[in-house]
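Structure first, then comments.
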Amino acid sequence: MKSLKYISIIVLLLTLMFSCKREDPIVDIPVKYGNIGFQFANNVDGQALRVDTLVYTNAAGNNYMVNEVQYFVSDIVLQNSNGTFVSFGTGSELHYMDSDLPETSNWSVADKIPVGSYTSISFTFGLNEVRNISNVFLNPPESNMWWPLFLGGGYHYMKLNGKWIDTASNLSAFNFHLGIGQTYAHDVIVVDSITGFVQNYFTVTLPNSAFTIREDKTTNVEIVMNIEKWFEGPNVWDFNVCSATMQNQSAMQQVVENGGTVFSVGTIQ
Amino acid sequence: MKYLQKKLFLMLMVGIFMLTSCTKEIPITEVYIGDSTKYDPKPYVFNTPWFFPTEMNIPADNPLTVDGVFLGRTLFYDMRFSGYQSADSQMCCATCHLQENAFECGMNGPFPNGHPVGITGIATPHVMLPVVNLVWQNNGYLWNGLIHPDNPQVSKRTIEDVVCMAVYAPHEMLSDTNKARNAIAAIPGYKPLFKKAFNTETITFKLMAKAVAQFIRSIVSVNSKFDQYLLHQTAFTPSEANGFVLFVTEQGADCFHCHGGDGNPLLTTYQFYNNAKDTIFTDPNDRYGVTGDPMDHGAYLAPSLRNCELTPPYMHDGRYNTLDEVINFYSEGLKPSPYASPLMHKLAIGGAHLTPQQKADLKAFLLTLTDHDLTSNPAYGPPPNFP
């Protein structure tokens, strides 16, 4: 009789162990969810970017055009007014934006977001060292952002390509790129020149980014890159001084410093 | 006691049910043995290193099968494909696409200057592009990307369409699809091959093109010294290593933004760039001819640099016969124009200004991109016999 009891318990335990459905622990979870989507806009001087058009003047007085801008944002964090933070799960860790691919302007996040009021949105511009691993993107378009292993590997956080009228009145090209920086032993670039690497990703907290998530509704937040801000300050950027950044850590450091004011929130609806 | 036994039995049954309910049903597949003409579409399996793209450009209506690829390979090499009877008029894909030259004609092939002409002597608008790794080319085929799924002309969207175009083109086979189809359909030995590939003995040109396209998509170059280096199976010589550094550095030769490297083993983005080799653009078949975007004047596909040792002449018009000439161009020969890609950021100073040693190193690296597996693999060569 007693042994039967034990056998019963063992069978019950085995059944529970091997059964398909795991019992979720009972926790205090909110029952109401909504959704969030992001629209990425690229502006210059408050207007939508006009690519391939030599109509802009930066803070240094350079007459310039933008041909394309491509970048990663990752690890978005939403701060709830109750003090908690919401981050996104697998598959929604990052987003790639490409001015040549209009479909990348919209990002409907798959994660359900608890309803409520949120006070701010922050994200990583670029990819942190955990995400920025060579060959994690095997397919284009993201794979075309690759950053050579020799220069630290991973991916360009951003490619901003364009042209400006240089001091000799020629139309010259700039490659305003950001990714992992390097420290060099000497000026000649050979296999053993590099002595160390510098992570250049940075956190952006969008000003005035309060929003509300309503049950079963999607809140759309427009994230605006104000391109002129990359060149405005605190470091006034003169393309005649630096037009290619990839192997110039002091230049990339200035890009990072200028990046703090580049993003803003447009419409929220 | 009886109650407990019943209860125990019930619990056991429930437990067994729950345990077994987890396992997935394994479908029983029918196995065909011994009938060599039966339609048994085995998927064609690619064997590529892990760092190659996982997304392949294969139309849903023409998946690769072992038998489809074999039929396509046979047709690719069959001189009767063009539909002509007399030997001096017969052509096939392999007339110009030579395996030993990475499926281009090269400078040592049938055309001494490396610029193909059709059966009546008319030259092709541009020199050849390699028929290699097209299964990963996702941005349009040909130098200007004309062949693209979004092309409003439905007959100019896929590799299958290119096969058809090659049959008609006056600068290629100057034939027609009926002629080509009739020539192949008249050969009894092809019927079982079509049966195995497409489950029909009714030969149409559409199926011929599908088969050739399957074979073309199967041709991949994934085992150069560069690939072996990425797999840590071999080391570069000091010169090759220095050349690789020049290839992937912006302050070096800055090849990688358009031509890939360790993060993009295709050795191209398959995008279109004006690489600053001209100042006046009059070619109606440039990228502008496809898009109408003024920024695309003089822009062409960045070809893969895989096997570039074997694929002279270089550039869309074959203006350079050697890799040295190409390296010299990127080092000192850039010509300014408003249409030059912004990635040609050394345009203002004419190029990368490499030293003779750097040029030699860069070339040494480029030679590591030659894939002898591609050029010698019997699976890409002529079939053992023709029907």
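For the stretch A:196-205, state whether one or more residues are aliphatic (A, V, I, L, M) and within 14 Å of chain B (Cβ to nearest Cβ). Within the stretch A:196-205 (the criterion being aliphatic (A, V, I, L, M) and within 14 Å of chain B (Cβ to nearest Cβ)), the answer is no, since none of the residues qualifies. Meeting the requirement of 2 or more residues that are at pLDDT 85 or above, the helices (runs of 4 or more DSSP H) wholly within the stretch B:1-114 are B:66-77, B:93-96.
Taking the condition of being open to solvent by 20 Å² or more (accessible area, probe 1.4 Å) and either under 25 Å from B:L374 (Cβ atoms) or within 14 Å of another protein chain (Cβ to nearest Cβ) (or both), how many residues in the stretch B:276-311 meet it? The number of residues fulfilling the criteria is 15.
Do the conditions hold for B:T200, that is, is it under 30 Å from B:D61 (Cβ atoms), surrounded by fewer than 21 Cβ atoms within 10 Å (Cβ to Cβ) and among the β-branched types (V, I, T)? When the stated conditions are applied, B:T200 passes them. B:A360 satisfies every condition listed in (1) assigned to a loop (DSSP other than H, G, I, E, B); (2) in contact (Cβ under 8 Å) with a residue 12 or more places away in the chain except (1). Scanning the stretch B:340-361 for residues that are of a type outside the set (A, V, I, L, M, F, W, C) and either away from every other protein chain (no Cβ under 11 Å) or crowded, with 19+ Cβ neighbours inside 10 Å (or both) yields B:S341, B:P342, B:H345, B:K346, B:G350, B:G351, B:H353, B:P356, B:Q358, B:K359, B:D361.
Where helices (runs of 4 or more DSSP H) sit wholly within the stretch B:169-267, those with at least 2 residues that are in contact with a strand residue (DSSP E or B) (Cβ under 9 Å, 6 or more places away or on another chain), on the phi < 0 side of the Ramachandran plot and more than 14 Å from chain A (Cβ to nearest Cβ) occupy B:190-198.
Residues considered: B:P125, B:P130. Of these, the only one that is part of a loop (DSSP other than H, G, I, E, B), more than 14 Å from chain A (Cβ to nearest Cβ) and surrounded by fewer than 17 Cβ atoms within 10 Å (Cβ to Cβ) is B:P125.
Against the conditions (1) closer than 30 Å to B:A276 by Cβ; (2) open to solvent by 30 Å² or more (accessible area, probe 1.4 Å); (3) assigned to a loop (DSSP other than H, G, I, E, B), A:D192 satisfies every one except (1).
The numbered conditions (1) buried (at least 18 other Cβ atoms within 10 Å of the Cβ); (2) more than 10 Å from every other protein chain (Cβ to nearest Cβ) are all true for B:Y270 except (2).
Return yes when B:Y330 is hydroxyl-bearing (S, T, Y), open to solvent by 20 Å² or more (accessible area, probe 1.4 Å) and closer than 19 Å to B:E104 by Cα and no when it is not. So B:Y330 does not fit the description; no. Residue selection: B:Y320 satisfies the criterion of being within 30 Å of B:S218 (Cα to Cα), free of Cβ contacts under 8 Å to residues at least 60 places away in the same chain and within 24 Å of the chain's Cα centre (by Cα). Of all residues in the stretch B:39-50, those that are in contact with a strand residue (DSSP E or B) (Cβ under 9 Å, 6 or more places away or on another chain) and either open to solvent by 100 Å² or more (accessible area, probe 1.4 Å) or within 10 Å of another protein chain (Cβ to nearest Cβ) (or both) total 1.
Selection of strands (runs of 3 or more DSSP E) fully inside the stretch A:62-102 by the criterion of at least 3 residues being out of contact with any helix residue (DSSP H, G or I) (no Cβ under 6 Å at 6 or more places or on another chain) and not hydroxyl-bearing (S, T, Y) returns A:63-80.
What do you reckon, is A:V221 touching a Gly at 6+ places or on another chain (Cβ under 8 Å), open to solvent by less than 20 Å² (accessible area, probe 1.4 Å) and at pLDDT 95 or above? Considered against the rule, which asks whether it is touching a Gly at 6+ places or on another chain (Cβ under 8 Å), open to solvent by less than 20 Å² (accessible area, probe 1.4 Å) and at pLDDT 95 or above, A:V221 comes out as yes. Among the conditions (1) within 16 Å of the chain's Cα centre (by Cα); (2) farther than 25 Å from B:V45 by Cβ; (3) open to solvent by 50 Å² or more (accessible area, probe 1.4 Å), B:I147 misses just one, which is (3). Apart from one condition, A:D187 fits all of (1) closer than 30 Å to B:T279 by Cβ; (2) without any contact (Cβ under 8 Å) to a residue 40 or more places away in the chain; (3) of a type outside the set (K, R); the exception is (1). Within the stretch A:245-268, take every residue that is closer than 13 Å to A:V204 by Cα, among the hydrophobic types (A, V, I, L, M, F, W, C) and not in a helix (DSSP H, G or I) and give me the one that is most open to solvent (accessible area, probe 1.4 Å). Going through the qualifying residues, I end up with A:V265. The stretch A:116-178 holds strands (runs of 3 or more DSSP E) entirely within its bounds, and those carrying 3 or more residues that are facing chain B (nearest Cβ under 10 Å) and open to solvent by less than 10 Å² (accessible area, probe 1.4 Å) map to A:158-165, A:171-178.
The values are calculated or read from the model by the stated rules, or taken from the named source; none is laboratory data. As the structure is a prediction and not an experimental result, all values here were calculated from the model. Glycine gets a Cβ as well: all are built from the backbone with ideal geometry, and neighbour counts include every protein chain shown. Ligands, DNA and RNA are stripped out before the accessible areas are found, and what is left, the full protein with its side chains, is counted by its heavy atoms. Shrake-Rupley method; radii C 1.70, N 1.55, O 1.52, S 1.80 Å.
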